[in-house]
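So the structure is just underneath, and the comments pick up after that.
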Amino acid sequence: MSFFSRLLVCLLLLAGSHPALAERFTLSGVEGEPADNIRALLSIDQALEQDPLPTRSRLRYLHRQAADEIRLALEPYGYYNPELKLQVMLDGDSSQWRAEYQVNPGPQTLIGEARLILKGEGVDDAQLQQVMADTPIKAGAPLIHADYAALKSALQSRAAERGYYQAGFERNEIRVDTTANRADITLIYATGPRARIGEIRLQPAPVSESLLRRYLPFQSGDPVNTARLVEYQRNLINSNYFADVEVRPRLNELSDARLPVDVKLTPQKQSLYQGGVGYGTDTGARMQLGLTRRWLNRSGHTLEARLRLSQIRQQLTASYQIPGANPTTDRFALNFLLEDEDSDTIDSRTLALGGSWQRQLGEWERRLALDWQHETWTFEGEEQTSTLLLPSARFSRTRTDNRMNPSRGHQISLGATVASQSLLSDTDLLQLDIRGKRVDTLSERWRLLTRAELGVTFIDSVDDLPASLRFYAGGDNSVRGYDYQSLGPIGDEGDVIGGRYLATASLEVDYLIRDNWRVAAFVDTGNAFDDRDTELKTGAGLGARWQSPVGPVRLDFAIPLDEDGWQIHFTLGPDL
């Protein structure tokens, strides 16, 4: 076995330290990973833990091998000149047999010269250069053979990811001067040519090939990048047309640095039927029926229809969606809404038709919409009707380390809606809102969750503002401790009729008590109002959180600080 093969065996045998019987074996003078590796390789240590013990002659033989084993175990860490004091006592009864090993690893070998060189087409590749820059293999650094092995592995892995399929080590050596405790390293990595994407061959699918090629994050002729191949696979799966997608680079067909790519597609069922029942403290008992036609034609158009029924709201929605130029993020939609809401504060019926255009602009998702809305609502026995043409825009951004269970991140959303009497509307209005959420980790078990929402409506008379466009506060995702939409301006008969302004905020801390379970304490404040001098209402409480596979399930007990009473709030969904 070669010298470097022996070193590799040592590294593969690295294991966490294990308890040895103190009366049988002791190791002193060395700590950390070198000590762990000694104990992993030391045959006598392992033999003295056996029951029954090996024979006296066997243990004496293992004791004679110990010096070589210790030296071999220390070499991967640059220790080539250890001082060893090894004693074994095997006289008398076997219960008294023991070994006492004292190891002084000696001076650690340092790197004298480190020649790390890239050659070939990859010499200017920033990713390969970064691998070279990040390695701890540098002049003056301790010689750790695992670092050298990691550098070689990282170069080979990164080169394969980036299409350097002919890459290899032109020179690869460590020269150790054990007398001077110095090591000189020479590593020359020749990348050869970088392969480029050749023919992209897609299996027949229920939607057109031209649509599927719009999901491509690369084109034929682009340099190979494994991450981009994986991205294409993910894009096609997220399209919802396919149950399974395999993007296969055909290395056996690599020719003239051109790599063909086969795309295997397994379609989903065309129709998805959904149904469910649930309960929310804002909506009461509820049920939902849904139909999704994943494709209606070869152009990949889809249809989604939902019927939602609850104790306070009945809603029928439909959306006809058309993929955009970049279908992973861009889409057009024709939308339909029919809604009837009858709560303690709102009695309204709404019919809406419209279209929307959603597009990704960097980190921001932009949604532009134009909706025609006819609404009839009743406040305190007086029925009113409005017809509005509502252009609107919303910009949203989410940054998080984990969408389902974030330890840090934030979400922000800004919206604007307008109407004008000169554009087929009964009134002039401008409504603006901004919403934000944030999650911060305070320590290993503590998190801080904050949220805020501000809204303002510019309109001559709030009486002309439809119920669906008025602001309300109170409820699960607003000011807990108060009923759903129970906070806002009060009419002459004492009913909440909603307002033109909104301001709410929340501060919450939660603590991880065990895997997937947290307890929380919170305080919420806010109100909806017409008069800017209106007093804010505040609620506080305690809650429990269970991290389910589809996001956190929250159960909160809250009390209003401005009046008597209490509320239980139950919600499901991600924190951001």
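The values are calculated or read from the model by the stated rules, or taken from the named source; none is laboratory data. Small disclaimer: the values here were computed from a predicted structure and weren't measured. Neighbour counts run over all protein chains shown; Cβ positions are idealised from the backbone, glycine included.
Here are the numbers for this structure:
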quantity: Condition check for Val519: β-branched (Val, Ile, Thr), assigned by TED's automatic domain parsing to the domain that holds Gly409, under 36 Å from the mean Cα position of the chain (by Cα) and under 17 Å from Val439 (Cβ atoms); calculated: yes
quantity: Residues located in segment 347-383, provided they are within 17 Å of Thr317 (Cβ to Cβ) and basic (Lys, Arg); calculated: Arg349, Arg367
quantity: Options Tyr61, Tyr77, Tyr101: the member that is aromatic (Phe, Trp, Tyr), at pLDDT 90 or above and within 24 Å of Ile137 (Cβ to Cβ); calculated: Tyr77
quantity: Residue match in segment 386-399 (condition: among the hydroxyl-bearing types (Ser, Thr, Tyr), closer than 27 Å to Pro327 by Cβ, in contact with a Gly (Cβ under 6 Å, 6 or more places away or on another chain) and in contact (Cβ under 8 Å) with a residue 60 or more places away in the chain); calculated: no
quantity: Residue ID - nearest to Val550 (Cα to Cα), chosen from residues in segment 405-437 that are among the basic types (Lys, Arg) and free of Cβ contacts under 8 Å to residues at least 60 places away in the same chain; calculated: Arg408
quantity: Test: Leu236 is over 25 Å from Gln166 (Cα atoms) and either free of Cβ contacts under 8 Å to residues at least 24 places away in the same chain or assigned to a strand (DSSP E or B) (or both); calculated: no
quantity: So Leu259, is it among the aliphatic types (A, V, I, L, M), touching a Lys or Arg at 6+ places or on another chain (Cβ under 8 Å) and in the same structural domain as Asp222 (by TED's automatic domain parsing); calculated: yes
quantity: Complete set of residues in segment 200-246 that are among the β-branched types (Val, Ile, Thr) and either assigned by TED's automatic domain parsing to the domain that holds Arg162 or within 25 Å of Thr292 (Cβ to Cβ) (or both); calculated: Val207, Ile237, Val245
quantity: Residue in segment 47-68 that is free of Cβ contacts under 8 Å to residues at least 12 places away in the same chain, basic (Lys, Arg) and not assigned by TED's automatic domain parsing to the domain that holds Ala141 present; calculated: yes
quantity: Looking only at segment 531-572, and only at residues there that are among the β-branched types (Val, Ile, Thr) and not in a strand (DSSP E or B), the one that is modelled with the highest pLDDT; calculated: Thr534
quantity: Within segment 535-576, considering residues that are touching a Gly at 6+ places or on another chain (Cβ under 6 Å) and over 15 Å from Arg480 (Cα atoms), the one surrounded by the most Cβ atoms within 10 Å (Cβ to Cβ); calculated: Leu576
quantity: In segment 278-315, the residues that are at pLDDT below 90 and either surrounded by 15 or more Cβ atoms within 10 Å (Cβ to Cβ) or in a loop (DSSP other than H, G, I, E, B) (or both); calculated: Gly280, Thr281, Asp282, Thr283, Arg286, Ser310, Gln311, Ile312, Arg313
quantity: Members of segment 94-119 found to be among the aliphatic types (A, V, I, L, M) and over 25 Å from Arg171 (Cα atoms), listed by number; calculated: Ala99, Val103
quantity: Matching option when the condition is over 27 Å from Asp125 (Cα atoms) and either in contact (Cβ under 8 Å) with a residue 60 or more places away in the chain or among the β-branched types (Val, Ile, Thr) (or both), among Pro223, Pro206; calculated: Pro206
quantity: Verdict on Ala183 being surrounded by 15 or more Cβ atoms within 10 Å (Cβ to Cβ), of a type in the set (Gly, Ala, Ser) and over 30 Å from Leu116 (Cβ atoms); calculated: no
quantity: Test for Arg98: is it touching a helix residue (DSSP H, G or I) at 6+ places or on another chain (Cβ under 7 Å) and of a type in the set (D, E, K, R); calculated: no
quantity: Enumeration of residues in segment 362-385 that are within 21 Å of Gly436 (Cβ to Cβ) and free of Cβ contacts under 8 Å to residues at least 12 places away in the same chain; calculated: Gly362
quantity: Lone qualifier among Ala133, Ala159, Ala183, Ala146 - being more than 30 Å from Leu254 (Cβ to Cβ) and either within 39 Å of the chain's Cα centre (by Cα) or in a loop (DSSP other than H, G, I, E, B) (or both); calculated: Ala146
quantity: Among residues of segment 55-64, those that are in contact with a helix residue (DSSP H, G or I) (Cβ under 8 Å, 6 or more places away or on another chain) and farther than 15 Å from Met89 by Cβ, counted; calculated: 1
quantity: Any hit, segment 495-503, residues being without any contact (Cβ under 8 Å) to a residue 60 or more places away in the chain and within 17 Å of Gly436 (Cα to Cα); calculated: yes
quantity: Residues located in segment 245-277, provided they are among the charged types (D, E, K, R), outside any strand (DSSP E or B) and surrounded by 12 or more Cβ atoms within 10 Å (Cβ to Cβ); calculated: Arg250, Glu253
quantity: Subset of segment 162-180 [surrounded by fewer than 16 Cβ atoms within 10 Å (Cβ to Cβ) and farther than 20 Å from Gly120 by Cα]; calculated: Arg175, Asp177, Thr178, Thr179, Ala180
quantity: Residues of segment 95-128 that turn out to be of a type outside the set (Val, Ile, Thr) and touching a Pro at 6+ places or on another chain (Cβ under 8 Å), as a count; calculated: 7
